Amino acid sequence: MAKPQRPGANKGNKKGPTKGTGGMGRKSLEGRGPTPKAEDRAWHPAGKRKAAAERYAASGGKGKPGQRQTSGGNPNRSARSKDNTTEVEVVTGRNSVLEALRAKIPASAFYIAQRVEMDDRVKEMLSIATNRGIPVLEVTRQELDRMAGFDGVHQGVAVKVPPYEYAHPQDLLEAVIEKGEVPLFVALDGITDPRNLGAIIRSTGAFGGHGIILPQRRSAGVNSAAWKTSAGAAARVPVALATNLTTQLKEFKKQGVFVLGLDGDGDVLLPELQLADRPVVIVTGSEGKGLSRLVAETCDQIVSIPISAVTESLNAGIATSVALYQVSTIRNAKK
């Protein structure tokens, strides 16, 4: 009696590749059915946006323009865990955790290491967590090491928070205009290191910037590494997602915002910048490729930072900080 074939097995009798089959017997493989829609895949950004919209609707649609809207962001590697099947971020480090608690981020748990060294920051964290009814869990340092990831530094504390809530770029602009302030934004073109993103968020907050704009694809997201590097500034500086960065920059230009790209071969030196007191968005490209062609063509000016010949270039975070400082200095001098 012939042995029954297992599902998906090659039913041919010939051995090795045969003409027209590629040697794989593809026609005999059983299919897996139609590919689910992006919004039906929980791990896909579209799926996360759908889930976020459902949660937003369930909460009664609370929120104001300019606030960070949940969008699932980018699937960048971060210290994430499952909490009742909902993805959460694990924010570590005393400054980052304290700022997250101060900003009333809806934390689901506060973790503190056994026999942790108590200082004023830790005491304030415990006070905030207790007053807000956030569960306080004492764990071993080994458990915090695991939660923080292989390159995380937790300093004895961690907090679980929902995925970062992104704003819409237009909401950011309208919020600044409503306050009667001159817009100052930073847009990142191809920055994929979340630590660079965190450093830029921190600099944006330090020099009076109103927010960061990220492209939805090929960009770092605000994950635990970005939170840590921002030293908590991610709780105060809004970050927006643009479906297409070039399109968004063009839309900003229609509304009177000047687009300034940073590049070593710029046509304007930063100290000679004449547009600092105008509404501006500073665009920083990746360290390897710089600004993409379409983004560079969209810029009103390409600005370069004069540096010594000893150093070939500045990394994205430092270049953005220098540009923000210059714009801030010029604006303060004209007040």
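The values are calculated or read from the model by the stated rules, or taken from the named source; none is laboratory data. Keep in mind the model is a prediction, meaning the values are calculated, not measured. Counting neighbours? That spans all protein chains shown, and the Cβs are built from the backbone with ideal geometry, glycine included.
Working carefully through the options Val122, Val153, Val116, find the one that is over 30 Å from Leu324 (Cβ atoms), part of a loop (DSSP other than H, G, I, E, B) and hydrophobic (A, V, I, L, M, F, W, C).
Val116
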Across the stretch 268-298, the tally of residues that are over 23 Å from the mean Cα position of the chain (by Cα), in a loop (DSSP other than H, G, I, E, B) and of a type in the set (A, V, I, L, M, F, W, C) stands at 3
### Message
Can you confirm whether Ala220 is at pLDDT below 85 and more than 15 Å from Val257 (Cβ to Cβ)?
### Response
yes
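Considering only the stretch 194-220, state which residues are part of a helix (DSSP H, G or I), aliphatic (A, V, I, L, M) and surrounded by 21 or more Cβ atoms within 10 Å (Cβ to Cβ).
So the first thing to find is which residues in the stretch 194-220 are part of a helix (DSSP H, G or I), and the list is 194-206.
Imposing the further condition that a residue be aliphatic (A, V, I, L, M) reduces the set to 197, 199-201, 206.
Those that are part of a helix (DSSP H, G or I), aliphatic (A, V, I, L, M) and surrounded by 21 or more Cβ atoms within 10 Å (Cβ to Cβ): Leu197, Ala199, Ile200, Ile201.
Table: residues versus (1) loosely packed, with under 14 Cβ neighbours inside 10 Å; (2) of a type in the set (A, V, I, L, M, F, W, C); (3) under 19 Å from Ala206 (Cβ atoms).
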position	(1), (2), (3)
Ala235	no, yes, yes
Thr246	no, no, no
Leu249	no, yes, no
Phe252	no, yes, no
Leu260	no, yes, yes
Asp263	no, no, no
Leu269	yes, yes, no
Glu272	yes, no, no
Pro279	no, no, no
Within the stretch 242-284, residues farther than 15 Å from Ile212 by Cβ and among the polar types (S, T, N, Q) come out as Thr243, Asn244, Thr246, Thr247, Gln255, Gln274
Within the stretch 169-193, the residues that are closer than 15 Å to Gly208 by Cα and part of a loop (DSSP other than H, G, I, E, B) are Lys179, Gly180, Glu181, Val182, Pro183
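Where residues in the stretch 223-258 are under 21 Å from Val176 (Cβ atoms) and charged (D, E, K, R), which of them is modelled with the lowest pLDDT? Before you say what the answer is, go through the steps one by one.
The initial filter retains those residues of the stretch 223-258 that are under 21 Å from Val176 (Cβ atoms), namely 230, 233-243, 245, 247-258.
Subset that is charged (D, E, K, R): 236, 250-251, 253-254.
Numbers: Arg236: 85, Lys250: 95, Glu251: 94, Lys253: 93, Lys254: 93.
Among those that are under 21 Å from Val176 (Cβ atoms) and charged (D, E, K, R), it is Arg236.
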Within the stretch 303-331, residues closer than 20 Å to Ala199 by Cα and either assigned to a loop (DSSP other than H, G, I, E, B) or outside the structural domain of Glu272 (by TED's automatic domain parsing) (or both) come out as Ile305, Ser313, Leu314, Asn315
